[in-house]
Structures are given as structure tokens and as C-alpha cells.
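> Here it is: the structure, laid out below.
The values are calculated or read from the model by the stated rules, or taken from the named source; none is laboratory data. Quick caveat: nothing in here was measured; it's all calculated off a predicted structure. Don't worry about glycine lacking a Cβ; one is built from the backbone with ideal geometry, like all the others, and counts go over all protein chains shown.
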Amino acid sequence: MHFKKLFQVLVLGGAFLGAAAGCAQANAADKDKKPPADAGTTDSSGGGVKGW
Amino acid sequence: MSSARRAAAEAWAFRARVEQEAALRFDRLAEVVASFDPDSPVPAMMRRAADDERRHTELCARLAGRLGNPVVLDRDAAVAAIAPRSLDERKAALYEVVAACCITETESMATLTTLLASEQDPEVREVLHAISRDEVVHSRMGWAHLSRESVAAEVAFLGPLVPGMLAGTIDAGLFGAPPADEDPEGLLRLGVLSLSKKRAVFLGTLEQVVFPGLEKFGVDPEPGRRWLAHAAGLR
Ligand SMILES: [Fe+2]
Ligand SMILES: [Fe+2]
């Protein structure tokens, strides 16, 4: 298993793509905006996403 | 039916559902991310990813059917958001992107590359190839979003939340014993890892890809590491 290669391709490759466009802005206005009530957010701890 | 065929048919049916959920999730997240980071390349990647996942759903479902487990997909399926309620919209989106892409899609890529390193039946291999080409981007878009947010916003809040993401991604049996009739070779030919291999890939990917990646962008991996040591009984 080439974990090192995965780190380069996925983590570093992803960061590179993210940096290719203008920087994200910190948003002051809707800083405390909550997700819509129907978004189905869970309680305190949060959950995960099942995969392969 | 052989034990490998039965288990593989179940695994592909499960994958079909996972892919369907991913499509819905990426459609939703694309909109949210675009609302606070309009210059980001991530929303466009997510919309393409959602289309990919719809294709993958069909591929996985078809394979499950051929192996003897026809999948009935709920066309009106919805997918729940998973972030803790205490987070604001932007942080909730980051939580979900990290869980879905940085963790789950990265793990999927590791599984796919491990599978593709051995031989499969031709039809299975074709599906694995088609899917792995897309999953690379699905993982990358998570790291892309995390790296952008690490510059623009606060991401350290995620550290203590990583255990919840991990707990929600594994299935209950991952750290247990394999089924008595498990046929690792037969499973591999049908595109499925044996339990011990699956565990090794999961742990290796967390330790060598996900945790270092989180740390690189300012998310403390230690709570995740502690959770893992406990869950895997490595204390
Ligand atoms: Fe997929
Ligand atoms: Fe994916």
C-alpha cells in the first residue's frame, strides 16, 4: 500500500487545487448563521460518513 | 452460492447505497460552500462529484445484481447532515466536508488502490477502475476545502470532533473476528477486501494520510489517534 503516494496525491494535490483560486474570505456578517432546521444536524457529538 | 459471492454481493449493494448518499450530500454541500466562498473551485468539483456518484450508484447496483443481490434504491432518498448542532453553517459545512471527503473518500481511495493491486474478474476490475478515477478528485476536494478554510477561518474546533467522524464511518464489525467461512482470495477477485486487510487499510490510511493531513492544516489529530487506539484495542 502506497500511503506516502496517497498523501501526496490526495492531501497535497487537494491543497494545491484549493490554492489555485482566490482566497476564501472570513465572513463576519453571518458568522453565527445556523444550518437550516431541516438540515438534520445531529446532537452534540456529530456523526460520520460510511464508505467502501 | 459461494460464501465469497454472497458476501461480495452484499458489499456491492452496500456500496450502491453509500454512493447514492454521497451524490445527495455533494449536491447540498456544493451550494453551502458556494454561499460563503464564491471563488472556491470546490463547489464545481462537488457538483461533478455528485454526477460521478450517481454513475457509481448504477455501477455498484448492477454488479450487486449480477452477483445475486438485486438492489432496490429509494429514488426519494434523503441524506441527513451530520455536523453537531452547535456549529454555525460554515463550520458545519467544514465538518461534513472533512468527514465525507478527507476521511471517507480518502479511505475509499486507499481501498480501491489496494484492490487494484491484485487481480479481479474482468467486469469487477472495470468497475473498480472507473470508480477510482473519480474518487481521487472526491478526496482532493475535501483537502482543498480544508486548506482554504485553514487560511480564512478557524479550523481547530474540528480536532475534538474527529472521533465522532471516525466512529460514524466504520461498521461495527471492523475490529471483530471475520466470518468463519470468509474466503479472502474469492472476495478479492470480486472486489472486496477480507476483514483483516480492510482493517489494515483503514488504520494505515488514518495514520499515514488522514491524521498527517489534518495536522498539516491545523487540526489536532491527537483526539482521533486516542479514539483509534481505544477502538482498535491498541492501548
Ligand atoms: Fe463513488
Ligand atoms: Fe466518491
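> Among all residue pairs at least 6 apart or on different chains, which show Cβ distances below 9 Å where the first residue, located in the stretch B:117-132, is within 14 Å of chain A (Cβ to nearest Cβ) and within 15 Å of ligand 1 (Cβ to nearest atom) and the second is in a helix (DSSP H, G or I) and of a type in the set (D, E)?
As it stands, the answer is B:I131/B:E19; B:I131/B:D52, since those pairs meet every condition given.
> Assess whether B:L24 counts as being within 15 Å of the chain's Cα centre (by Cα) and within 16 Å of ligand 2 (Cβ to nearest atom).
In short, yes.
> Can you find even one residue in the stretch B:146-159 that is touching a strand residue (DSSP E or B) at 6+ places or on another chain (Cβ under 8 Å), away from ligand 2 (no atom under 16 Å from the Cβ), at pLDDT 95 or above and aromatic (F, W, Y)?
Looking for residues that are touching a strand residue (DSSP E or B) at 6+ places or on another chain (Cβ under 8 Å), away from ligand 2 (no atom under 16 Å from the Cβ), at pLDDT 95 or above and aromatic (F, W, Y), one finds none in the stretch B:146-159, hence no.
> Within the stretch B:205-235, take every residue that is touching a Gly at 6+ places or on another chain (Cβ under 7 Å) and part of a loop (DSSP other than H, G, I, E, B) and give me the one that is surrounded by the most Cβ atoms within 10 Å (Cβ to Cβ).
So, considering only residues that are touching a Gly at 6+ places or on another chain (Cβ under 7 Å) and part of a loop (DSSP other than H, G, I, E, B), the one surrounded by the most Cβ atoms within 10 Å (Cβ to Cβ) is B:V219.
> Among (1) surrounded by fewer than 21 Cβ atoms within 10 Å (Cβ to Cβ); (2) touching a helix residue (DSSP H, G or I) at 6+ places or on another chain (Cβ under 7 Å); (3) not in a loop (DSSP other than H, G, I, E, B), where does B:F202 come up short?
If we test B:F202 against (1) surrounded by fewer than 21 Cβ atoms within 10 Å (Cβ to Cβ); (2) touching a helix residue (DSSP H, G or I) at 6+ places or on another chain (Cβ under 7 Å); (3) not in a loop (DSSP other than H, G, I, E, B), just (1) comes out false.
> Quick check on the stretch B:41-52. Is at least one of its residues part of a helix (DSSP H, G or I), of a type in the set (K, R) and within 16 Å of ligand 2 (Cβ to nearest atom)?
Yes: one or more hits.
> Another one. Scan the stretch B:138-145 and give yes if some residue there is within 16 Å of ligand 1 (Cβ to nearest atom) and of a type in the set (S, T, Y), otherwise no.
yes
> Let me ask another. Suppose we filter B:R66, B:R75, B:R62, B:R85 for residues that are basic (K, R) and either within 13 Å of chain A (Cβ to nearest Cβ) or surrounded by 21 or more Cβ atoms within 10 Å (Cβ to Cβ) (or both); which single one remains?
So the residue among B:R66, B:R75, B:R62, B:R85 that is basic (K, R) and either within 13 Å of chain A (Cβ to nearest Cβ) or surrounded by 21 or more Cβ atoms within 10 Å (Cβ to Cβ) (or both) is B:R85.
> Name the one entry in B:A80, B:A4 that is more than 13 Å from ligand 2 (Cβ to nearest atom), without any contact (Cβ under 8 Å) to a residue 40 or more places away in the chain and surrounded by fewer than 24 Cβ atoms within 10 Å (Cβ to Cβ).
When all the criteria are applied, what remains is B:A80.
> For the stretch B:89-170, which helices (runs of 4 or more DSSP H) that fit wholly inside it have 3 or more residues that are of a type in the set (S, T, N, Q)?
Correct list: B:106-116, B:122-152.
> Then there's this: Give B:L174, B:L193 a once-over and let me know the one that is within 14 Å of chain A (Cβ to nearest Cβ) and surrounded by fewer than 18 Cβ atoms within 10 Å (Cβ to Cβ).
The match here is B:L174.
> Buried (at least 23 other Cβ atoms within 10 Å of the Cβ) and either within 30 Å of A:S45 (Cβ to Cβ) or at the interface with chain A (Cβ under 8 Å from one of its Cβ atoms) (or both), is that true of B:A34?
no
> Please state which of the following conditions B:A78 fails to meet, knowing it meets all the rest: (1) touching a Leu at 6+ places or on another chain (Cβ under 7 Å); (2) part of a helix (DSSP H, G or I).
Here B:A78 meets the rest and fails (2).
> Mind listing just one residue for me: the one in the stretch B:177-187 that is outside any helix (DSSP H, G or I) and not hydrophobic (A, V, I, L, M, F, W, C) and, of those, farthest from the other protein chains (Cβ to nearest Cβ)?
Filtering the stretch B:177-187 for residues that are outside any helix (DSSP H, G or I) and not hydrophobic (A, V, I, L, M, F, W, C), the one farthest from the other protein chains (Cβ to nearest Cβ) comes out as B:D181.
> Output the number of the condition that B:V136 fails; it satisfies all remaining conditions of (1) farther than 20 Å from B:W12 by Cβ; (2) in contact (Cβ under 8 Å) with a residue 60 or more places away in the chain; (3) within 16 Å of the chain's Cα centre (by Cα).
All conditions pass for B:V136, except number (2).
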